[in-house]
Every structure is written in structure tokens, then in C-alpha cells.
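Asker: Just passing along the structure, written as C-alpha cells.
The numbers here are math on the coordinates, done by the rules we state, and not lab data. For clarity, every value in this text was computed on a predicted model and none was experimentally measured.
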Amino acid sequence: MVIVLMLFSFPAGALGLPQGSSQDLFKLGISQLENDEYTTAIENFTQAIEINPNYAKAYYNRCLAFLNSSDYQHAIADCDTALEQSPDFFEAYLNRGLAYYNLQLPAAAIADFNYFLSIFPDDFRAYYDRGLAYFDEEIYQKAVGDYSRALELIPPTNTQHIAAIYNNLGLTYLQLDEFELAIKDFSQAISAGVEDASYYCNRGYAFRQLEKYKQAIDDFTESIRLNRRQSAAYIGRGFAFYSSGKQQEAREDFLQAAEYFRDCGKMQQFHQIVYLIKIIRHKSPFIYKALLT
């Protein structure tokens, strides 16, 4: 299967400013957090905590900085401390759930999202994030339900996230072999006006599964136009060309994919594509069919 998974999350925003001797450091950390300066934000929140170890809001916001820095273990620890000191920091459950999810602990993530939703049942972020966790647990029908609920609740002006949710909903339908429904959702993602190469690549894969090779080739071509380094699109279009009887075009696309993998140092994938090119050259349909599964 050649698909491009579009994953994203909605970390909760920073909480309001407290009063206290470490307020200046906290305010500086908040400003840096809002400007995506996560390392320096962590430093200032840490100094604020050293001055005041019971500074729950500093722990909470440092958790958010750790989360955005992909330091998930420290993010969990800070969320734990924030909740110990101030149990009504409910947003910490959302952020801790994201940290668990990124550590590939979907069951723990789902537990936090469930608790958050028991308090805020109309928060689209938690439905989307829980959908991601259900997807990882291969509980696809529940993922569909959560993505659909997120789409009902998300503000209509939030087009970028709407497109990404539709893309993930389409990916879930791919796992359920519901290719027509997947195409519908990928089309919704594309129609949101967000130019993303992965949306076209994923829809191309769904078209190819339905043996609609012209539509698949068109989508893979558009994906490549948007991102010349989209190796999955070259591979997908190569398969579509081969299935359409265009072996030379297929070989050229596989060569492009092989070149990308070689340049990125992904030698296992490089050798797999080189092997596939050799199969095409010798026209061995039995082995080729095995590689498609």
C-alpha cells in the first residue's frame, strides 16, 4: 500500500498569566511559546518554576513547549505536576493525551481524551485526536465516528484543519476498503483550497484500487507537481502506468523514486525499487503481482 498519512494535532493554548515573583519569566516564556521559540520558552518556564515550585501554570505551559519540541516524556511529567497542583487544568488532559499518542500509547491517550470529552463534549480537537488514537488501535469505525464529529464541531473558517481531517477520514476508509468513500473525503480535502500533495497522492491510490487508472495517473501527476520529492506519488503513478500497459513510463517513475530513496539514504527502499525495475524489464507478471499486494 502506498499512502501518505497526514497527521496533525491541536495542542491546547497557553493559559492566562498569574501573579507572583516569577511573573516576568512566565510572561517571557508565554511570548516565546506563541512565537514557536520552544527551547527558550522551556528555559524561562524552568526558571519560573525554580523560583516558585508550586507554579502550576508554568508546569502546564512548559508541558506545551515540550510537546511542540517532541519531548513527550517531559511533557507528560509536567502535565502530571500541573494536574496535581491544580486539578481544574483540564486542558492538560488534552495535551497529555497527545504526548501519550506520540509515544505510541494510544490506550492511555484515549483515556485522557475520554476524560476531557466528559467535561467538554463539544471540543472538536479531542474528537480528532481521539480519532487518531483509534486509528492506531485499528478501531476504524470509532475513528470514523470521531473524525465525523470533529467535522461537525470545527469552525468553518478553519479550512486547513478541515482539509486535514477529511484526509485522515479518507485514510480510514482506505483501511476499510471503502474506496469510493475514501475518494469522496479526499476530494473534500482538496476542495477546501489547501494545496497539499499528499491529498492528491492518497486519492490517486484509491482510484488505482478501483482500477481507474487515468484518474489515478492524473492525481499522482498533480501530487508530483506540488511536491517533486513525493516518492509515494512516483511509485503510485508507476503502478498505474504499468497496469495501463505503459511499462516505459512505469520504469521512469520507479527510477525517480529510487533516486529519491538513494539521495535520502533510505537504502532498503532503494534496493526494493531497483528490484522492481528489474522485474518490469524482464516482464515477470507473477512476481510483479505479488509485490502489489
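Asker: Which aspartates and glutamates, on any chain, are close to Lys184 with Cα under 13 Å apart, when same-chain ones fewer than 8 places away are left out?
Answerer: Filter leaves no residues.
Asker: Top mean-square fluctuation among Phe270, Phe186, Phe135, Gaussian network model of the chain, C-alpha springs under 10 Å?
Answerer: With Cα springs under 10 Å in the chain, the top fluctuation among Phe270, Phe186, Phe135 is at Phe270.
Asker: Which of rounded, prolate or oblate describes the range 160-290 when judged by the alpha-carbon gyration tensor and an a/c cut-off of 1.5? All intermediate terms of the calculation are to be shown ahead of the outcome.
Answerer: Values: a/c = 2.12, a/b = 1.57, b/c = 1.35.
Verdict is prolate for the range 160-290.
Asker: What three numbers, in Å, describe the spread of the alpha carbons of the range 62-130 along their principal axes, ordered from the longest?
Answerer: 28, 27, 17
Asker: Okay, moving on. With the contact rule set at Cα under 8 Å and sequence spacing of 6 or more, what percent relative contact order holds for the chain?
Answerer: On the way: 428 pairs, mean separation 33.2, N = 293.
After rounding, I find 11 percent.
Asker: Right, something else. Hey, in the GNM for the chain with a 10 angstrom Cα cutoff, which one of Leu28, Leu174, Leu64 fluctuates hardest?
Answerer: Largest GNM mean-square fluctuation: Leu28.
Asker: Okay, next question. Computed over the Cα atoms of the chain, what is the convex hull's projected area averaged over all directions, in nm²?
Answerer: Working: hull surface 66.3 nm².
The Cα convex hull of the chain, projected and averaged over all directions, gives 16.6 nm².
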